[in-house]
Every structure is written in C-alpha cells, then in structure tokens.
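Asks: One structure coming up, written as structure tokens, with questions to follow.
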Amino acid sequence: MQKRYEIFADYHQFYLWDQAESPDTALDYTDDDLQRRIKAAPFLVVIQPERNMSVPVELDIVDGPPDEALDLWDHVAEASLDLPSGRLEIHECTGGSIDILSVAPGTYRVRAYFGGLGTLTDDGLDGEDHYRLVLWPAPSAPLAVIKQFSGAR
C-alpha cells in the first residue's frame, strides 16, 4: 500500500498512532529527541519534520524491511509502533486526522526518511524538504538513528 499526503507539521510534528488507543501526545522532548527527529511512546510514533508548514509525505506499508539506498536521504531513523486494533491513524499536531488505514493488528517498525533538509529558506517557511515513511511488521525494538543529519536544527 502506498499513499501520498500533504501534512501540516505544526510545531514540527505529526503523529502515527493506533486509532483505538488514542495515545497522549503531550510528551516531554529532550535535545536528543529533536536531533533524532522521531520519538516513540506506547501506541505512538512522532515524526518531526524540518518545517512547521505543510510537508509532502509518502507512506508505504510493506511486508519486510526496505532496502532503499540511504545516500538519497539526509536523515533516517526508525521506531516501533504497536497497532493492536489494526487501525493506523495519521494525525496532524494541531489539525485533525489525515487518514485511517486498516492493517493487520500487531507491531510494526516505522522507518522515517528525511530529504532536502538543507533546502529551507532563512525564514524556514519554504523548502524542498520531503519525507517518506515505511512500515512493516516486526518485533518491537529500540528507537534507532540509521543516518544522522549533520545540519543545524
């Protein structure tokens, strides 16, 4: 399954969560969380785009880990997401629900790819940043940064 969205990333964030669990998004953030650009909590993964504007997001749900070339991306990180209801909701921070997708109930790995992070204008309102999310069934594992962006946040 592949979907494309324009998601308003107010406060530099949007969410993937289990719709039935309605997780609390009022999380404390550390400098490390901001550098990782992804944060996980029970039934919730927070994606932290570079801009707090509408950003293009591509989402793929696949059967196994992706083998995409990392050199095409500025930053890559992943976290686990429990979806016991089988209802994946994509939700804006201050907006509403973007989409609800039916998936097999279980635990998924979410790999977030961040591209074009160095293209933002000085005011941070415009740029060619883009995001790709890939989910696949996988056992729960710690959050991991696969490729760290070295630019300023």
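The values are calculated or read from the model by the stated rules, or taken from the named source; none is laboratory data. Source: prediction; values computed, not measured. Here the Cβ is made from the backbone with ideal geometry for all residues, glycine too, and neighbour counts use every protein chain on show. Note: accessible area is taken over every heavy atom of the protein model, side chains too, but ligands, DNA and RNA are not part of it. Shrake-Rupley method; radii C 1.70, N 1.55, O 1.52, S 1.80 Å.
Asks: Given a Förster distance of 22 Å, report the FRET efficiency between Trp136 and Gln2 from their Cβ-Cβ distance, rounded to the nearest 0.05.
Replies: Values: r = 13 Å, r/R0 = 0.60.
With a Förster radius of 22 Å, E is 0.95.
Asks: While we're on this one: Could you point to the residue in Val45, Phe149, Phe114 farthest towards the positive end of the chain's charge dipole, with +1 and -1 charges on the Cβ of Lys/Arg and Asp/Glu respectively?
Replies: Looking along the dipole axis, the top candidate is Val45.
Asks: Next question, about the same structure. Using the heavy atoms of the protein chains and a 1.4 angstrom probe, tell me the accessible area per residue for the chain in square angstrom.
Replies: Each residue of the chain exposes 48 Å² on average to a 1.4 Å probe.
Asks: Taking the Cβ of Leu72 as the center, what net charge do the other residues with Cβ under 14 Å away carry, scoring Lys and Arg +1 and Asp and Glu -1?
Replies: My count for the surroundings of Leu72 gives -4.
Asks: Grab the DSSP H runs of the chain that are 4 residues or longer, score each as -39,500 (n - 2.57), total them, divide by all residues and round the 222 nm result to the nearest 500 deg cm²/dmol.
Replies: -1000 deg cm²/dmol
Asks: Here's another thing I want to ask about it. From the convex hull of the Cα coordinates of region 8-143, what is the mean projected area in square nanometres?
Replies: 7.9 nm²
Asks: Using 0.36 nm per residue of separation minus the Cα-Cα distance, give me the extension gain between Asp71 and Asp31 in nm, one decimal.
Replies: Contour length minus the Cα-Cα distance gives 11.9 nm.
Asks: Taking the Cα centre of the chain as origin and charging only Cβ (+1 Lys, Arg; -1 Asp, Glu), how large is the dipole, in debye to the nearest 20?
Replies: Numbers: 12 positive and 27 negative charges, 70 e Å.
With only Lys, Arg, Asp and Glu charged at Cβ, the dipole is about 340 debye.
Asks: Which whole-number percent is the relative contact order of region 5-99 (Cα, under 8 Å, 6+ apart)?
Replies: Taking the mean separation of contacting Cα pairs over the length of region 5-99, I get 46 percent.
Asks: Do any chymotrypsin sites (Phe, Trp or Tyr not before Pro) in region 25-127 lie in a loop, going by DSSP, with at most 14 other beta-carbon atoms within 10 Å of their beta carbon, and if so which? Show your work: numbers first, answer last.
Replies: Values: sites: Tyr29, Phe43, Trp73, Tyr108, Tyr113, Phe114; in loops: Tyr29, Phe43, Trp73.
Taking region 25-127 and a limit of 14 other Cβ atoms within 10 Å, the loop chymotrypsin sites (Phe, Trp or Tyr not before Pro) found are Tyr29.
Asks: What is the distance in Å between the Cα centroid of region 1-53 and that of region 83-103?
Replies: If you average the Cα positions of each part, the centres end up 11 Å apart.
Asks: Only Cα pairs under 8 Å and at least 6 apart count here; give the relative contact order of region 11-52 as a rounded whole percent. Could you put the intermediate results ahead of the total?
Replies: On the way: 46 pairs, mean separation 23.9, N = 42.
Normalised by residue count, the contact order of region 11-52 is 57 percent.
Asks: What FRET efficiency comes out for Ser102 versus Asp122 if R0 is 30 angstrom and r is the Cβ-Cβ distance? Round to the nearest 0.05.
Replies: It comes to 0.10.
Asks: What does the charge count around Ile47 come to, taking other residues whose C-beta lies under 10 Å from its C-beta (Lys +1, Arg +1, Asp -1, Glu -1)?
Replies: +2
Asks: I've got another one for you. Taking all protein chains as present, what is the carbon and sulfur share of the accessible area of region 74-153, in % to the nearest whole number, probe 1.4 Å?
Replies: Of the solvent-accessible surface of region 74-153, carbon and sulfur hold 51 percent.
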